[in-house]
Amino acid sequence: MLIIHAHPRPSQSRVVKQLLGVLAAQPGAELRSLYELYPDFDIDVEAEQQALLRWQKIIWLTPVHWYSVPSLMKHWIDQVLVLGWAYGQGGDALRGKTCWWVSSAGGAHEAYRPQGLHGRHFADHVAPLAQTVRFCGMQWWPPFVAHGAHATTDAAIAQACAQLRTDCQAFLQAPAPHGDAP
Ligand SMILES: Cc1cc2nc3c(=O)[nH]c(=O)nc-3n(C[C@H](O)[C@H](O)[C@H](O)COP(=O)(O)O)c2cc1C
């Protein structure tokens, strides 16, 4: 599996750092940490596309920033998932792959509901990302979210890591999707 990791301040990370430990420990995982590779946002598009071609299972690992991914990850989407390669005529490079967003959110689980602080369920906020993935012919795996990062405890992080370990096995063992029209 390929891990695309994007955290703008990895040294200050508590949660994503631990989630990364779980994912990177999977046998054969390839890790690309975008803020280390491209601190000036000058993405090597060819290298990123080649990495994507090597794997069927792709993980995006980021904190939630404004109900989406951090800016370098969004820039990666804009630069790498291009017409004629990821979508449109001849753009079938990603078809049949599965993509999973593993994330950490400051907001508590209870705050992500219609009457809560964030006004919607988490899955409703991420519809544009889900559709981006589907538009490129990939399967969108239900996101993993470690909620409540601001007030979290070491025990809660450990629990999230245990859950992620289990969920990751299901993700890795899932068969490739069929009926792949975006
Ligand atoms: C620019 C920015 C935007 C953020 N937007 C959100 C958000 O939309 N929803 C949310 O729940 N948390 C939001 N947060 C909180 C982060 O998700 C939280 O700090 C992060 O998950 C903590 O993980 P870490 O310990 O790995 O840094 C935001 C944080 C920053 C810095």
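Annotation: ARG95 fulfils all but one of (1) touching an Asp or Glu at 6+ places or on another chain (Cβ under 8 Å); (2) more than 19 Å from ILE59 (Cβ to Cβ); the unmet one is (2). Could you tell me which residue of region 100-124 is farthest from the ligand (Cβ to nearest atom), considering only residues that are within 20 Å of ALA170 (Cβ to Cβ), in contact with a Phe, Trp or Tyr (Cβ under 8 Å, 6 or more places away or on another chain) and hydrophobic (A, V, I, L, M, F, W, C)? By that ranking, first place goes to TRP100. Annotation: of all residues in region 125-157 being away from the ligand (no atom under 13 Å from the Cβ) and free of Cβ contacts under 8 Å to residues at least 12 places away in the same chain, the one that is surrounded by the most Cβ atoms within 10 Å (Cβ to Cβ) is ALA130.
Read-outs: derived from the displayed coordinates by stated rules, not from any lab. Treat the numbers as computed from the prediction; the structure is a model and nothing was measured. Reconstructed Cβ throughout: ideal geometry from the backbone, glycine too, with neighbour counts over all protein chains shown.
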